[in-house]
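**Q** Pasting a structure here, questions to come.
The values are calculated or read from the model by the stated rules, or taken from the named source; none is laboratory data. These figures come from a predicted structure and were not determined experimentally. Here the Cβ positions follow ideal geometry from the backbone for every residue, glycine too, while neighbour counts run over all protein chains shown. Surface accessibility is based on the protein's heavy atoms, side chains included, excluding ligands, DNA and RNA. Shrake-Rupley method; radii C 1.70, N 1.55, O 1.52, S 1.80 Å.
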Amino acid sequence: MMKHIKTIVGKEWAEVFKNRMVLFTLIFMPLIFTILPLAMLYFTGQGMDEMASVTTADVPAEFLSVCGEGMGANECMQIYVVNQFLLLFMMIPVIIPVTIAAYSVVGEKTTHSLEPLLATPITTFELLAGKSLAAALPAIIVGWAAFGLFLGALPLIGVTRAVFAYIASPTWLLAIFVAGPLMAIAAVNLAIFISSRVNDPRTAEQISALLIIPILGLLFAQLAGVIVINVMVMMSFIGGMALLDVGMVYLGTTIFQRETILTRWK
Amino acid sequence: MIETKQLTKIFKIKKSPDVPAVVDLTLSVAEGEVFGFLGPNGAGKTTTVRMLTSLIGPTSGAAWVNGFKVGEKDQDIRRSVGILTESPGLYERLSAVKNLAIYANLYDVEQVDRQVEKYLRMLGLWSRRDDPVGSFSKGMRQKLAIARALLHEPKLLFLDEPTSGLDPEAARLVRSFVQELSEQGRTIFLCTHNLNEADRLCDRIGIFKSRLIEIDTPENLRKKLFGRKVVFHLREINPRWIDSIKAFAGVENVQPVDEKLVVSMDNPQVLNPQIIRMLVESGADVQFVGELRHSLEEIYLQTMRETEQEGQA
Ligand SMILES: Nc1ncnc2c1ncn2[C@@H]1O[C@H](COP(=O)(O)OP(=O)(O)OP(=O)(O)O)[C@@H](O)[C@H]1O
Ligand SMILES: [Mg+2]
């Protein structure tokens, strides 16, 4: 079984990494998502120094709870800013696998390579697992690499110890190491599921990208001061994602019907 | 090897009438046989192959492939048959070797490299093994797809129009390869429009258009539709000889055409010597004697015509 899954993963990667568009997404998007928060942090820090008049009053009241006792106003401001970018990091494992996975079934359908593939003794689970892993693994790894880069660069732009400690805190670590992969799995399954129903990779991509809506929801909720992303919020988010994943994997393997995919052209 | 009982596939499409692609197909293909599945576009050949390779399920009826029942032992069926699909469906960005290696792994072939090399060499693709398949010609792709169907050494092979779109040279190559596979003892289910191909390669032929119309050896199909005909070329024809020939038991009809007599008969092996002796003794100059063979094309067209007439009646 593992051999079949590995074969599919290897095949997907061999194909995907020859696709410039995918490579571009895989490299540039995480880079941008890393550089942007670093730049923001840097300029927030600089600006604060000049006008030392910033007080805790400038930080949204709801957010003060996140800043520790005795934390300076500009540090708190930095944390507030950087907290928005946490959500950007969480988008990496959604957007990348969607690009890869959207092509994975629709692509094979349009090139007619799905038929000989389905004629082999591969099981539906093996096929889906292979395709999911092939799309999710690079996204998860790239997401982690981007976060590593971000952490490594933080001292260079001169953030204070308190800010660094905040970023390397459970909320962020949970987001990057648990929520990220869970979102990747959900995104991939959704993309595969949708791409088995449509005949155009772009449509599959666009529909699957709707999955970033919950993240955007969190982002705007935080900006609007409705919620503050802390460990509790993150844990609930993870719980929700985990449930969604279980449902999606189950739905995927039961709904993915070889015959329908091969014969339905709608 | 293959056994079907009233195998039926009806495609249901939303808001349009159902398409009965295959209806009540009952046939059996024996081990080692090359079975030709002949029918016009849209006859349901591909649909039949898809059912027999467990790619799609039948609407009703049953089928057994290599002893495994379709719909119950699909995994075993997929493992034990090879299929050349209608379109090659290769991974264009990947090399020929890579394409085959993927399939060798999916078919759980033990010596992947050895099998891949064996078939790439056999089909003359070895020198292009590392090129992306996207750069291959149609014939090369077809050969690669055939190689892919053979990696796991299946005893039963489904070939869906293996020579369609190939130039005569490439088509001949593929045909002789199919011949070779048959000589190795493999059973072959061959879908084709090419009647010469079917005539040359197949032990038995099924003429099919949603339903099985005729099924027999090419020879018997000829006999069934046209009887056997022998042509006697004479220097000149004496009308009396026509009646003399008609008098032989077993001769069904004699037709003079120019300087020829076309004789329909049951068993030429027995009758020809007698007729020739009679003609020579009556003073005829017999120049040539030969059997009038109808091409499979005529048989096929005749069958289709008859089916249409029946349909109208
Ligand atoms: N997925 C599908 N959905 C609906 N109808 C289909 C589908 N596949 C095939 N059909 C219909 O079933 C019939 C038989 O098609 P099939 O492809 O089996 O014919 P064929 O004999 O292989 O033809 P060809 O010689 O052109 O390859 C056709 O009328 C076709 O339109
Ligand atoms: Mg066909």
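**Q** Residue under question is residue B:10, and the condition is that it be more than 16 Å from ligand 2 (Cβ to nearest atom), crowded, with 22+ Cβ neighbours inside 10 Å and not in a loop (DSSP other than H, G, I, E, B); does it hold?
**A** no
Results for (1) in contact with an Asp or Glu (Cβ under 7 Å, 6 or more places away or on another chain); (2) open to solvent by 60 Å² or more (accessible area, probe 1.4 Å); (3) at pLDDT 85 or above; (4) in a helix (DSSP H, G or I), shown as yes or no for each residue.
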{"residue": "B:219", "(1), (2), (3), (4)": "no, yes, no, yes"}
{"residue": "B:230", "(1), (2), (3), (4)": "yes, no, yes, no"}
{"residue": "B:248", "(1), (2), (3), (4)": "no, no, yes, no"}
{"residue": "B:272", "(1), (2), (3), (4)": "no, no, yes, yes"}
{"residue": "B:276", "(1), (2), (3), (4)": "no, no, yes, yes"}
{"residue": "B:288", "(1), (2), (3), (4)": "no, yes, yes, no"}
{"residue": "B:298", "(1), (2), (3), (4)": "no, yes, no, yes"}
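**Q** Hey, another quick one. Where in region B:52-160 are there strands (runs of 3 or more DSSP E), lying wholly inside it, with at least 2 residues that are more than 9 Å from every other protein chain (Cβ to nearest Cβ) and at negative phi?
**A** Of the strands (runs of 3 or more DSSP E) lying wholly inside region B:52-160, those with at least 2 residues that are more than 9 Å from every other protein chain (Cβ to nearest Cβ) and at negative phi span B:60-65, B:156-160.
**Q** Quick check on region A:233-242. Is at least one of its residues among the polar types (S, T, N, Q) and surrounded by 15 or more Cβ atoms within 10 Å (Cβ to Cβ)?
**A** No, because not a single residue in region A:233-242 is among the polar types (S, T, N, Q) and surrounded by 15 or more Cβ atoms within 10 Å (Cβ to Cβ).
**Q** Given the options B:49, B:34, name the one that is more than 9 Å from chain A (Cβ to nearest Cβ), within 16 Å of ligand 2 (Cβ to nearest atom), open to solvent by less than 50 Å² (accessible area, probe 1.4 Å) and within 20 Å of residue B:198 (Cα to Cα).
**A** Residue meeting the stated conditions: B:49.
**Q** Would you mind stating whether residue B:102 is more than 16 Å from ligand 2 (Cβ to nearest atom) and either under 23 Å from residue B:2 (Cβ atoms) or among the aliphatic types (A, V, I, L, M) (or both)?
**A** yes
**Q** Considering only region B:53-73, I want to know if a residue exists there that is closer than 25 Å to residue B:300 by Cβ, open to solvent by 40 Å² or more (accessible area, probe 1.4 Å), over 16 Å from the mean Cα position of the chain (by Cα) and not aliphatic (A, V, I, L, M).
**A** No, every residue in region B:53-73 fails to be closer than 25 Å to residue B:300 by Cβ, open to solvent by 40 Å² or more (accessible area, probe 1.4 Å), over 16 Å from the mean Cα position of the chain (by Cα) and not aliphatic (A, V, I, L, M).
**Q** If we keep just the residues of region A:1-38 that are open to solvent by 90 Å² or more (accessible area, probe 1.4 Å) and within 14 Å of chain B (Cβ to nearest Cβ), which is nearest to residue A:86 (Cα to Cα)?
**A** The residue in question is A:21.
Yes or no, residue by residue, for (1) more than 16 Å from ligand 1 (Cβ to nearest atom); (2) more than 21 Å from residue B:78 (Cα to Cα):
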site	(1), (2)
B:115	yes, no
B:135	yes, yes
B:166	no, yes
B:173	yes, yes
B:206	no, yes
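**Q** Inside region B:1-47, can you point out the residues that are without any contact (Cβ under 8 Å) to a residue 60 or more places away in the chain, within 11 Å of ligand 1 (Cβ to nearest atom) and polar (S, T, N, Q)?
**A** B:16, B:47
**Q** Looking at residue B:4, is it within 11 Å of another protein chain (Cβ to nearest Cβ), more than 21 Å from residue B:303 (Cα to Cα) and either open to solvent by less than 10 Å² (accessible area, probe 1.4 Å) or modelled with pLDDT under 95 (or both)?
**A** no
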